[in-house]
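One structure is given here, and the rest of the page talks about it.
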Amino acid sequence: MGGLWGVIDRPQAFRAAAISFSIPTPANATSRTGVDRFVRAPGRMETVGDEDIAGDEDELERVFLQMAARGPKGSRPELVYARAGVRIGRWESAHDRLPPHPAEAFGACLRGAAARCRFAVRRGAFDRRTGRYALIAGEVTNAEALLRAARRLVGGDLPEAIEGDAPERAFLVLFDADPERALRFLDGAYLLYVDDPAAFEALLVRDPFGRQSVFYAVDGKRVLFATELSAAVAGRRRAPEPDPSAFLMYMTLQYIPAPATPFRDVHALLPGHRLRLRAEGLAMERYFAPAFSPVDRPEAEAIRAVRHAVERAFLRVWTPGQTGVLLSSGVDSAILAALARRAGGGPAFSLCLDGETDECPPAEATARSLGLFHRKRRVGPEEFFARAPLAVRAFGVPLGDPSAVALYLLTEAAAGEAAVVLSGEGSDEFFAGYRIYREPAALAWAAVLPPPWRRKLLAMVRRLPDFYGKNFLIRSLTPLEERYLGNAKVFVDDRLRVFHPDVRPALQDGRDALSLIKEAYTAFPPGLDDVQRMQLIDILFWLPNSILVKGMRSAAAHGLRLGLPFMDRSVFQVAVRMPTALKIRDGQTKWIVRAAFRDLLPPDVVERPKLGFPVPLRRWLQTGWASPLLERIDASPLSAWLDRAYVADLARDHIEGRRDNARKLYALYALALWTEAHLGPSQTLAEVAGTECL
């Protein structure tokens, strides 16, 4: 809901003089002196003056202020941690349930009074013995287990020398004993910051699956980081330059995969990774890697394991009287609705988009069968396109999935009636729920052919005139790593064609999605079947860069907390031990999940195929909405980057029914809206191409 941002001057922060003030107070001291003076009780901050603050501290404050100004609309910033060379703040939204703080606590440290913030701790936890500080931005869903583990480790209550908020206090106890194990223990959606002055380093840690976005930029000797892309670039000395390669990858995937961002020299921290900051430089290290290790077990035992894990994960995010369910036509949200009904009930929310695949009728039937209050919101093309710019701004990064806008509107409808909304994200990736995962079985006949034969046959088929079944043969003979880039691919063969001719040379040798995904395949361990490899691609790319962005950012934009029981680490640990035969059976995806909850749901809900939150773009664009969409693209900064004649051809072919180009046109439209919000008219084609071509 809120956000975090910070600025670290590496040479200043990680030198001996910068940490000399962290010498702990003797245990038998009776007066509050030294570091002890600056550690506060919740809702209070203390500071101390120092007339010898270096001039670069004033520069640090200036950067800090710039980053604070780029926070979410309607939020208020506050300083949460400060020491020499380090400033960390958070945006506190009106929906955050945190202790009130005096207004002067923020103002004193940010309005020209840098000397008063030599050292301050307002959120997180600080260990007076070691000088370590920890701050968690976001949500740790296993906070109670974290606290229990810390208490077991110390044999009782947490040490009084570690002061601050309970989750961070518990984490510091575990970190002191075993840093690696402590990082792997956390679960949820979070950015973790650990300041370890005695080791002359700090850590930025992103949660295992990338539910919380984390961006960082290197600006000379400073490192800027934030949960908002706009804040991460705000403190840079120069305006950020767009990265053409990032937009090339977007055209294919409809998102920009981490660690790339739309800007050069601004990066996204990868899920399951930490960034180690030292005076001499930065290093990104992996601490968690998803891996499948299926085991043979009795079917009934496997079904019980799934049921138990999901039910326990549900209870960890369920808040009685405050929790609703985002109900689609799928089995995942129906399971959550059934568990909500069993836990006492709560409202269910659905979005109605007129069309052949409208999810409202089946969702309404599910809610009625479970006896849940059902709130429906009907949206037509007028409202969809009118609200799309607000949604794109809320996402913060380019996202070309039209269902993202639909989800933004659905969470808006839920905001007035719930504080937490539950959704089924993660189930399809962990338990093989997408229909495309059935493809390896359909193409198995080609796998028996030797690779040289497949390559020769593929070349021959490509040269043949078009005929019914040609695409099937091509997919059958194409290696998985060349045909499966994830759940969505938009511009593939024409990914360069859509750009202006003057831009294409700058993209010819750039990183594209095909090479990026192929590298990921080569890093997979041997022995995986094709379905498992497809799942890993989606877990590494589609899930954190698209699915979670639209879900987490839509909820946050409306002050909601998004509960994702299927993404609980314990559920994942069960899923990776399930063989593919229990996930896909007789052509039915996610079989094990359906079997585990068959007794809670009507048979038609259990057997219902996945629709995927479809938006009727094809029909909308054929009935008058293509023209305003093209006008918006032409009026945006994006238009200077595109081959406008080619874009017009895409629209004409779609309107006249020759080809379904709805996803391509929407991807361009969403990117145009993003450039309006984040680039503005000053960005020229020459800047984008990196040349003086105009």
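Only the coordinates and a few stated rules stand behind these numbers; no lab work does. The structure displayed is predicted, hence computed values, not measured ones. Here the Cβ is made from the backbone with ideal geometry for all residues, glycine too, and neighbour counts use every protein chain on show.
Wrap a convex hull around the Cα atoms of the stretch 367-472, take a quarter of its surface area, and give that in square nanometres.
If I average the Cα hull's projected area over directions, I get 12.7 nm².
What Rg and what Dmax come out for the stretch 487-618 when only alpha-carbon atoms are used, in angstroms?
Just the Cα atoms of the stretch 487-618 yield Rg and Dmax of 19.0, 61 Å.
If all Cα-Cα distances of the stretch 127-176 are sorted into 5 Å bins from 0 onward, what percent lands in each bin, rounded to whole numbers?
For the stretch 127-176, the binned pair fractions read 4, 23, 36, 23, 12, 2 percent.
Averaged across orientations, what area in nm² does the convex hull of the alpha carbons in the chain project?
One quarter of the hull surface, i.e. the mean projection, equals 32.1 nm².
Using only the alpha-carbon atoms of the stretch 278-371, report the extent along each of the three principal axes, biggest first, to the nearest angstrom.
Taking the Cα atoms of the stretch 278-371, the three principal extents are 59, 42, 34 Å.
Relative contact order for the chain: what percent, with Cα pairs under 8 Å and sequence separation of 6 or more?
15 percent.
Using only DSSP helix segments of four residues or longer, with each worth -39500 (n - 2.57), what per-residue ellipticity at 222 nm results for the chain after dividing by its residue count and rounding to 500?
Dividing the helical sum by the residues of the chain leaves -11500 deg cm²/dmol.
In degrees, nearest 10, range 0 to 90: what is the angle between the Cα axis of helix 626-635 and the longest Cα principal axis of the chain?
40 degrees
I'm checking a number: the convex hull volume of the Cα atoms of the stretch 353-414, normalised per residue, in Å³. What is it?
90 Å³
Using 10 Å bins from zero, what percent of all Cα-Cα pairs in the stretch 321-434 falls into each bin?
14, 43, 35, 8
More than 18 angstrom separation, counting every C-alpha pair in the stretch 386-435; what % is that?
Percentage above 18 Å: 47.
For the stretch 469-525 and the stretch 155-176, what is the separation of their Cα centres, given in Å?
Result: 48 Å between the Cα centres.
Tell me, Met460, Met251, Met284 in order of fewest to most beta-carbon neighbours within 10 Å?
Fewest-to-most Cβ neighbours within 10 Å comes out as Met460, Met284, Met251.
How would you rank Val295, Val397, Val420, going from fewest to most other Cβ atoms within 10 Å of each one's own Cβ?
Ranking Val295, Val397, Val420 by Cβ neighbours within 10 Å, fewest first, gives Val295, Val420, Val397.
Mind checking the angle between helix 299-317 and the chain's longest principal axis? C-alpha axes, 0 to 90 degrees, to the nearest 10.
So the inclination is approximately 50 degrees.
Working from the pairwise distances between different alpha carbons, so that the mean of 1/r is found and then inverted, what is the stretch 169-276's Kirkwood radius in Å?
15.0 Å
How large is Rg over Rh for the stretch 328-374, taking Rg from the Cα atoms and Rh as the Kirkwood inverse mean of 1/r across Cα pairs?
Reported Rg/Rh, Kirkwood definition of Rh: 0.97.
Report ³J(HN,Hα) in whole Hz for each residue of the stretch 589-602, in order, from the Karplus equation J = 6.51 cos²θ - 1.76 cosθ + 1.60 where θ = phi - 60°; Gly and Pro get x.
3J(HN,Hα) across the stretch 589-602, in whole Hz: 7, 6, 4, 5, 5, 4, 5, 5, 10, 4, 6, 8, 10, x.
Restricting things to alpha carbons, find the Rg to Rh ratio for the stretch 230-346 using the Kirkwood radius for Rh.
Rounded to two decimals, Rg over Rh is 1.13.
What's the longest bit of the chain with no exposed GluC sites (Glu not before Pro), using DSSP loop states and at most 12 other Cβ atoms within 10 Å as the test?
Free of exposed loop sites, the longest segment is 357-655.
With the convex hull built on the Cα atoms of the stretch 506-549, state its orientation-averaged projected area in nm².
Value for the stretch 506-549: 3.9 nm².
Calculate, for Asp649 and Arg463, the FRET efficiency according to 1/(1 + (r/R0)^6) with r their C-beta to C-beta distance and R0 25 Å; round to the nearest 0.05.
It comes out at approximately 0.45.
As a test of the definition: which semi-axes, in Å, follow for the stretch 564-642 when you take the square root of five times each eigenvalue of its alpha carbon gyration tensor? Largest first, please.
The answer is 42, 19, 12 Å, longest axis first.
List the trypsin sites (Lys or Arg not before Pro) within the stretch 170-249 that fall in a DSSP loop (any state other than H, G, I, E or B) and whose Cβ has at most 11 other Cβ atoms within 10 Å.
Filter output for the stretch 170-249: Arg237, Arg238.
Round to the nearest 10 and give me the degree value, 0 to 90, for the angle of helix 513-523's Cα axis relative to the longest principal axis of the chain.
That helix lies at roughly 70 degrees to the long axis.
If you average the alpha carbon positions of the stretch 255-304 and of the stretch 630-649, how far apart do those two centres end up, in angstrom?
Their Cα centres are 35 Å away from one another.
Can you give me the pair-distance distribution of the stretch 452-558, C-alpha pairs, 5 Å bins, whole percents?
For the stretch 452-558, the pair-distance distribution reads 2, 9, 15, 15, 18, 18, 13, 6, 2, 1, 0, 0.
Suppose each label sits 7 Å from its Cα in the direction of the beta carbon; what would the Phe472-Glu383 distance come out to in nanometres?
Spacing of the two 7 Å Cα→Cβ label points: 4.2 nm.
How large is Rg over Rh for the stretch 143-223, taking Rg from the Cα atoms and Rh as the Kirkwood inverse mean of 1/r across Cα pairs?
Here the Rg-to-Rh quotient is 1.01.
What's the center-to-center distance, using Cα atoms, between the stretch 551-592 and the stretch 405-456 in Å?
One Cα centre to the other: 10 Å.
Provide the descending list of Cα extents for the stretch 547-607 along its principal axes, expressed in whole angstroms.
Taking the Cα atoms of the stretch 547-607, the three principal extents are 41, 28, 19 Å.
Calculate, in nm to one decimal, what Asp493 and Asp265 gain on full extension: separation in residues at 0.36 nm each, minus their alpha carbon distance.
Separation in residues times 0.36 nm, less the Cα-Cα distance, equals 79.3 nm.
Could you work out the equivalent-ellipsoid semi-axes for the stretch 592-682, taking the square root of 5 times each eigenvalue of the Cα gyration tensor, largest first, in whole Å?
The three semi-axes for the stretch 592-682 are 38, 18, 10 Å.
Quick check on the stretch 450-502: what does the Kirkwood estimate of hydrodynamic radius come out to from the alpha carbon pairs, in Å?
Here the Kirkwood hydrodynamic radius works out to 13.0 Å.
Can you list residues from other chains, or at least 5 along the same chain, whose modelled amide H is less than 5 Å from the amide H of Tyr190?
Glu139, Asp207, Arg211, Gln212
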